[in-house]
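The values are calculated or read from the model by the stated rules, or taken from the named source; none is laboratory data. Bear in mind the structure is a predicted one, so any value in this text is a computation, not a measurement. Positions of Cβ are generated from backbone atoms using ideal geometry, with glycine treated the same way; all protein chains shown enter the neighbour counts.
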Amino acid sequence: MERSLLQRVGTLLYLVHPNTTTFSSVDQVPNYIHEAVPFFVFFFVLELTLHYLWGKPQRLNEATTSLGIGILHEATGFISSWVVLLGYDWLYQYRLWDLPWDSPYTWFGAFILVDFCFYWIHRANHELNILWAVHQIHHSDEDFNFATAVRLSVLQRVAHFGFYHPLALIGFPLPTVSVHIAFNYLFQFWVHTKYIGSLGPIGWVFMTPSFHRVHHGANKWCLDKNYGSVFVIWDRIFGTFEPEKDNEEIVYGLTKQPQTHNALWHEVYYFVEVYRKARSMTTWGDSLKALFYGPGWAPGLPRLGDPSTFIDVKAPRIKYNPRISQGMLLYIASHMTLTFLAQQLMVAKYMGSLGIMLSMLIFIFVSVGVLTAMFDGWVWAPLAEAVRCAAFVACYFSITQITAIPVVDTGLLVYFTTSCLFWTTKGVNDMIFRLSTKKMK
């Protein structure tokens, strides 16, 4: 069924009708998240533009890094989305009740309980160190905007595995749960903004941007608060609610902020920290606790650590913001945009072709990694970028067409060829300079 523009926008706010979002099989469920991507892009660009017009331009390096991380998250979605509900249908065979798939009561029940499950998913992602290794990337953004909303690990969906499965035993059909997981995810987009204040009585029941800003704060009073997605009532019930304070500025990011924009390092760095922590323990029991207790835990402390020992982050905190030229910034942004379009093309055109899909997936990962490493001034970035662009040119001639639009394909070939030549020249010159400098020393 074709949906109107207004209906598509409504999915972002959970403003949908049960009759048009109820399905008898999973195959009938639309890819609501993929359909929402144009709206994500629109609001992302709108926010950047408004900030520029207001004379308060956002940091393009951080926003581009968030976009890159989001690209990786969506590029791997065809695998991770399948993992989330793996085994759900099997467990459904042992359900306690038969809930009609076309009943509005089933729909509204799933609406509430999927959000309840997400509360515990989100809380577990903060309270289990191994899951925090997955989720921390979402909190590593030192800004707070719509780009933050898509800053999600490639393993984030995998970290949700098992939490929704109790709904199968209750009797909720898989299509119904799948629909509400998608809407629950989409609803979270709009709460990632600094420009919507208190919503009054709405905040008695629903999550608002004000409450979610607290959740993203590195200030001690913000830590481990406001886990809800659609409803804030779970936080109020389970003692994790914290309102925004008028007299204290929220500092966004992590308490120990990694000094990098490299998206691939953001994906893995905390796993390295967890491994080191587990290896440093003197007993097997403590090594397991390093994995499954809170990030703030240490031997002799409670499961979640001692809050009095946590870093008390206060504003202002200097943000990681290495200087690069405007030309370099625009180059990275343009190629990240092309990487995003490649990811969209992969989903729209090549999902049935395993070889091409895997090749594009590798190219997307390398692109995001190299481009965001350029923000850090990585010494091997010029040569890595030259190789990346050369790989695209080679693929172009092996596939013969990328978009099937001749003028676009020719433009891409020229742009990547020019980029390859530029970075090859720069990379070789930089290497010669380093070698000559080393000899002089």
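Would you say Leu371 is surrounded by 18 or more Cβ atoms within 10 Å (Cβ to Cβ), touching a residue at least 24 places away in the same chain (Cβ under 8 Å) and not assigned by TED's automatic domain parsing to the domain that holds Ile33? Judged against the criteria, Leu371 is a match. Can you tell me which residues in the range 187-213 are surrounded by 22 or more Cβ atoms within 10 Å (Cβ to Cβ) and part of a helix (DSSP H, G or I)? Listed by number, the residues that qualify are Phe211, His212.
The set of residues from the range 8-33 being more than 21 Å from Pro100 (Cβ to Cβ), in a helix (DSSP H, G or I) and in contact (Cβ under 8 Å) with a residue 60 or more places away in the chain comprises Thr11, Leu12, Leu13, Tyr32, Ile33. Checking each residue in the range 57-106 for being aliphatic (A, V, I, L, M) and under 24 Å from Ala159 (Cα atoms) picks out Leu67, Ile69, Ile71, Leu72, Ala75, Ile79, Val83, Val84, Leu85, Leu86, Leu91.
The numbered conditions (1) part of a loop (DSSP other than H, G, I, E, B); (2) surrounded by fewer than 19 Cβ atoms within 10 Å (Cβ to Cβ); (3) in contact (Cβ under 8 Å) with a residue 12 or more places away in the chain are all true for Gln344 except (1).
At least 2 residues being more than 14 Å from the chain's Cα centre (by Cα) is the threshold, and among the helices (runs of 4 or more DSSP H) wholly inside the range 122-174 those reaching it are 129-139, 166-170. Against the test of being surrounded by fewer than 23 Cβ atoms within 10 Å (Cβ to Cβ) and among the hydroxyl-bearing types (Ser, Thr, Tyr), the options Ser153, Ser178 yield a single qualifying residue, Ser178. Residues considered: Trp221, Trp234. Of these, the only one that is buried (at least 20 other Cβ atoms within 10 Å of the Cβ) and more than 19 Å from Ala149 (Cβ to Cβ) is Trp234. Meeting the requirement of 2 or more residues that are of a type in the set (Ser, Thr, Tyr), the helices (runs of 4 or more DSSP H) wholly within the range 214-322 are 263-280.
Can you confirm whether the range 287-310 contains a residue that is among the basic types (Lys, Arg) and under 25 Å from the mean Cα position of the chain (by Cα)? No, the range 287-310 has no match at all.
In the range 374-414, the qualifying residues are those that are free of Cβ contacts under 8 Å to residues at least 60 places away in the same chain and either acidic (Asp, Glu) or outside the structural domain of Phe340 (by TED's automatic domain parsing) (or both), and the one that is nearest to Thr260 (Cα to Cα) is Glu385.
The C-beta contact set for the range 200-216 (first residue at pLDDT 95 or above, second residue assigned to a helix (DSSP H, G or I), distance under 6 angstrom, 6+ apart or interchain) comprises Val205/Ile233; Val214/Cys222.
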